[in-house]
1. Out of (1) surrounded by fewer than 10 Cβ atoms within 10 Å (Cβ to Cβ); (2) under 20 Å from Leu88 (Cβ atoms), what's the single condition that is false for Lys61?
2. Count, please, the residues in the range 64-93 that happen to be loosely packed, with under 13 Cβ neighbours inside 10 Å and part of a loop (DSSP other than H, G, I, E, B).
3. Test Glu38 against the criterion of being at pLDDT 75 or above, closer than 30 Å to Leu88 by Cβ, surrounded by 10 or more Cβ atoms within 10 Å (Cβ to Cβ) and charged (D, E, K, R), and give yes or no.
4. If I filter the range 45-55 for residues that are at pLDDT 80 or above, of a type outside the set (A, V, I, L, M, F, W, C) and touching a helix residue (DSSP H, G or I) at 6+ places or on another chain (Cβ under 9 Å), do I get at least one hit?
5. I'd like the full set of residues that are in a helix (DSSP H, G or I), modelled with pLDDT under 80 and of a type in the set (S, T, N, Q), limited to the range 1-33.
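The values are calculated or read from the model by the stated rules, or taken from the named source; none is laboratory data. Quick caveat: nothing in here was measured; it's all calculated off a predicted structure. A quick note on method: Cβ atoms are made from the backbone with ideal geometry, for glycine too, and the neighbour counts reach across all protein chains shown.
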Amino acid sequence: MRLPNRYNDTKHEWIKTMKITKQQLRQIIKEELSGIYEADEGAKVLAAIKDVPVAAQQIAKDVTAQIEKLSATSGLDPLVLAQAVSALLTVKK
C-alpha cells in the first residue's frame, strides 16, 4: 500500500511509523531533564574540585606563617614545630 504524497515528503521517515504514548513521552522528558540537572550538578562539583588546590596552597601558606610566628616567640626550631603540627593533624580520633 502506497501512502499519499504528503506522507512521503517527510524529512525523517521513521516519524511516520513511530508510536509513543503520553506516558512514554513524559518519561522521556523527565529523563532528559534529569540529565540536564545532573550535568549542572556535575559542573558545580568540578568547579569545587578545581578550587581545592588553590585552597590547599592558601592553607599551607597560613600554617607556615603561623609556625614561623610561633617559632619566633618560643625560640623553637620551625621544623620541629611543623612536625608537631603535622603529627597533630594526622592523629586518628
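1. (1)
2. The number of residues fulfilling the criteria is 6.
3. Numbers: at pLDDT 75 or above: yes; closer than 30 Å to Leu88 by Cβ: no; surrounded by 10 or more Cβ atoms within 10 Å (Cβ to Cβ): yes; charged (D, E, K, R): yes.
No.
4. Within the range 45-55 (the criterion being at pLDDT 80 or above, of a type outside the set (A, V, I, L, M, F, W, C) and touching a helix residue (DSSP H, G or I) at 6+ places or on another chain (Cβ under 9 Å)), the answer is no, since none of the residues qualifies.
5. Those that are in a helix (DSSP H, G or I), modelled with pLDDT under 80 and of a type in the set (S, T, N, Q): Asn5, Asn8, Thr17.
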